[in-house]
Each structure stands twice: as C-alpha cells, then as structure tokens.
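**Student:** Below are the structure tokens for one structure; questions will follow.
The values are calculated or read from the model by the stated rules, or taken from the named source; none is laboratory data. Fair warning: this is a prediction, and the values are worked out from it, not measured in the lab. Positions of Cβ are backbone-derived with ideal geometry, glycine not excepted, and every protein chain shown enters the neighbour counts. Heavy atoms of the whole protein, side chains included, go into the accessibility calculation; ligands, DNA and RNA do not. Shrake-Rupley method; radii C 1.70, N 1.55, O 1.52, S 1.80 Å.
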Amino acid sequence: MPTIPPNVRGAVITGWGTALPPKVITNHDLEQTIDTTDEWITERTGIKERRVGGTTVGLSVESGRAAIEMSGVDPASIDALVLATTTPDRCVPASSATVQHELGLRCGAFDINAACSGFVYGLVQAHGLIAMGAKKVLVIGTDTLARITDWDDRNTAILFADGSGAVVLEAVEGHGQLLGWDLDADGSAERFLYADIGDTIHMDGKEVFRRAVRIMVDSATKSMQHAGVTADDIALVVPHQANVRIIQSACDKLGIPMERAATVLHRTGNTSSASIPLALADALDAGRVRQGDLVLLVGFGAGMTAASAILQWGGGTDSAVLA
Ligand code: COA
C-alpha cells in the first residue's frame, strides 16, 4: 500500500463549484413511463428526483468556472486540468481539451475514466502533479449518464442522472490536506456493470450492491490505515451517491454514524463522477466542515473500481498557499 513520502509538496482545496441541469425527473414522472412507484424507489434507493440534460463539456465549464471564481485564481495560472468522466461528449478529442479552452486555461488537460470512483482518482492524480511541481490544478467530475441510460429499463432508469462538481487545488508550504489514499480496481467484475460503445448501461443490481459495500469498506479502511486515523476521527464521510442503503451499510461496517455522511442523492440520483464533489460541495456550503476536520471521500463504480482519500480540511497549521 503506497504511503505519502515525508516532505512531499502538499495541496489544499481553495474553491469548489457545481452544476446540475435544469430538467428535473421525479419518481412520480417515472411512474408514468415504467412499472415502478415513488414508494419503491424511495425505500430501495433513497432517490426522490434526478436532473438530466446538458453536455459533459457544458456542465464541466459551469462547475469549473464556479470553482475558479471561488478560489480567486487566475485561470491562466492553472497548471493542469483533470476531468473525471465516463461519458465524454466525443471519442476524440477528450472533453477536457474543450473545457480547457472554454475556461481560458493555458495548461495540459486530460480525461480520466474510473466510472463512479473517477473524482477521487482525479483528486489523487492532481496531488501527484502538485508533488511534481504544479501549483494549481483544477479537478472536475462530470457525467451525463442520461444519454447512456435505457429509460424503459426500470432496473437502471430509477438510478442514473447528470451533474458536475469541481475543485481548485493549490500547492501549500506544508504537508497539505491529503493524509492517505487508496485506488483499487477489479476487472474480473466488469460484467456486473457496463455499457458497450453506442449501447446503454447493463447492471446486475444485487451483485453491484453486494460488492459495492465490500469494496468501499476495504478502500476506506486502507486509506484510514495509511493516514494513521480511525473511524472515530472522521468528521464527515462523503460517499459515492448510488443508493442510501449502500451508504448506510458501508457506514455501519466502518463504524461511522450515518449523521456524519454527506448525502445529496435524494435530489440528484447517481451522477457517477460528479456525485462525490456534489455531496462535498453541499456539505461545505452547509458549514458542516471546519478547519482541521478529517473528511473521508470514498467511491466505487464500474470496473469495478474503488477509491478513497482522507483529507484534513485546510491542511495543517503550516499550510500557507504558495504564490
Ligand atoms: N420498481 C418497482 N419494483 C421493482 C423495480 C422498480 N424499479 N425494480 C425491481 N423491482 C422488483 C423486482 O422485480 C422484485 O420483485 P419480486 O420480489 O416480486 O421478484 C423486487 O422489486 C426486488 O427486486 P430486487 O432486484 O431484489 O431489488 P433490490 O432491493 O436489489 O434493489 C436496486 C434494486 C437496483 C435498487 C439495488 O440492487 C441497487 O441499488 N444496486 C446497486 C446499484 C448501483 O449502485 N449501481 C451503480 C453503481 S455505481
């Protein structure tokens, strides 16, 4: 398990932003088109409504711009753009290149596809770039899953949706915010959740549920061990927003009370790469995180992948942002 070397250049999040498309589809709307009920969806998933529409580039530009504005950084000073997405607008070029241009960035830009673990993969990657000398990195998680969802399939149509969330990372003097991280993948589980090119999502919901809880707990445990912290130290857990019962079950197994979990899925559905930054931004905007708090981000997704990170909010006392 990789540990963070001592004296490595760290980073802190200095701005965040989100974007959700305006079109809302409620569970009652779905009752009109597929054989389901609001009661069933709410009880089995925790989702009440979801947002659909827009493009991966359009949503990314909106959330990315909001994060840049909050951080106050000059877009031209950003050293890299990492866009986590499973649903790029085109095969070529990468959506990140178009987002880079539309935001007025002058830096390298690349997409990462690790499904619903993508944002945490991207955040860890961004810390690596900062350790290698970058000073400012924009990390965006965006998905437009509505385009690859079969809206006549009640197995998947109740779950998936669109959205975007972004953060600006800035290099600091001290060790910064990242205390521990873990990235996992198990390609032998690909058959349980996949979409072929040009096709829609196919899912074995029960098997994904079972594995999701296990791999979230495994990954979060590794990150906590790596950071030298325990579940009692975690002030806020920001889990992938797939199903409230998955979140509840993982929290129970980790020994983290559900009150310490950030959840937005009742109004967003499963937005894949966007779900963790959307839930993180919601908790931050609600004032749920204070300087020094430990935040556990933990995701899982198709692959199957899993990823987690422990962030000490604001970094240590020596975490002054580098000019
Ligand atoms: N509306 C109403 N009834 C439904 C339904 C729906 N949308 N989908 C299934 N049912 C029915 C089934 O036919 C079954 O009926 P039966 O008992 O008469 O046979 C019953 O509800 C239970 O179905 P089941 O498939 O066992 O439900 P579940 O509790 O496993 O919930 C999921 C289904 C998809 C909500 C759940 O398995 C899940 O969330 N899995 C994880 C999916 C996920 O997170 N994917 C993304 C990963 S990034």
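**Student:** Quick check, is D199 in a loop (DSSP other than H, G, I, E, B), modelled with pLDDT of 95 or more, farther than 19 Å from S273 by Cβ and not assigned by TED's automatic domain parsing to the domain that holds S77?
**Tutor:** Against the criterion (in a loop (DSSP other than H, G, I, E, B), modelled with pLDDT of 95 or more, farther than 19 Å from S273 by Cβ and not assigned by TED's automatic domain parsing to the domain that holds S77), D199 qualifies.
**Student:** Okay, moving on. Tell me yes or no: at least one residue of the range 90-108 is in contact with a strand residue (DSSP E or B) (Cβ under 8 Å, 6 or more places away or on another chain), in the same structural domain as D152 (by TED's automatic domain parsing) and charged (D, E, K, R).
**Tutor:** No, the conditions are met nowhere in the range 90-108.
**Student:** Within the range 215-242, how many residues are open to solvent by less than 30 Å² (accessible area, probe 1.4 Å), touching a strand residue (DSSP E or B) at 6+ places or on another chain (Cβ under 8 Å) and either in a helix (DSSP H, G or I) or closer than 30 Å to T156 by Cβ (or both)?
**Tutor:** Looking only at that region, the number is 14.
**Student:** Filter the range 148-170 for residues that are touching a residue at least 60 places away in the same chain (Cβ under 8 Å) and part of a helix (DSSP H, G or I); which is nearest to the ligand (Cβ to nearest atom)?
**Tutor:** R154
**Student:** Out of the residues in the range 32-69 that are open to solvent by 80 Å² or more (accessible area, probe 1.4 Å) and in contact (Cβ under 8 Å) with a residue 12 or more places away in the chain, which is farthest from the ligand (Cβ to nearest atom)?
**Tutor:** E69
**Student:** Another question, if that's okay. Here are some conditions: (1) surrounded by fewer than 24 Cβ atoms within 10 Å (Cβ to Cβ); (2) in contact with a Lys or Arg (Cβ under 7 Å, 6 or more places away or on another chain). D162 meets all but one. Which one does it not meet?
**Tutor:** D162 satisfies every listed condition except (1).
**Student:** On to the next question. Could you list, in sequence order, the residues of the range 1-43 that are assigned to a strand (DSSP E or B), under 30 Å from T317 (Cα atoms) and β-branched (V, I, T)?
**Tutor:** V12, I13, T14, T18
**Student:** Continuing with this model, one more query. How about the range 278-323: which of its residues are closer than 23 Å to T230 by Cα, within 16 Å of the ligand (Cβ to nearest atom) and part of a helix (DSSP H, G or I)?
**Tutor:** If the condition is that a residue be closer than 23 Å to T230 by Cα, within 16 Å of the ligand (Cβ to nearest atom) and part of a helix (DSSP H, G or I), then A279 is the only one that fits.
**Student:** Is at least one residue of the range 129-147 part of a loop (DSSP other than H, G, I, E, B), touching a residue at least 24 places away in the same chain (Cβ under 8 Å), open to solvent by 20 Å² or more (accessible area, probe 1.4 Å) and within 16 Å of the ligand (Cβ to nearest atom)?
**Tutor:** No, the range 129-147 has no match at all.
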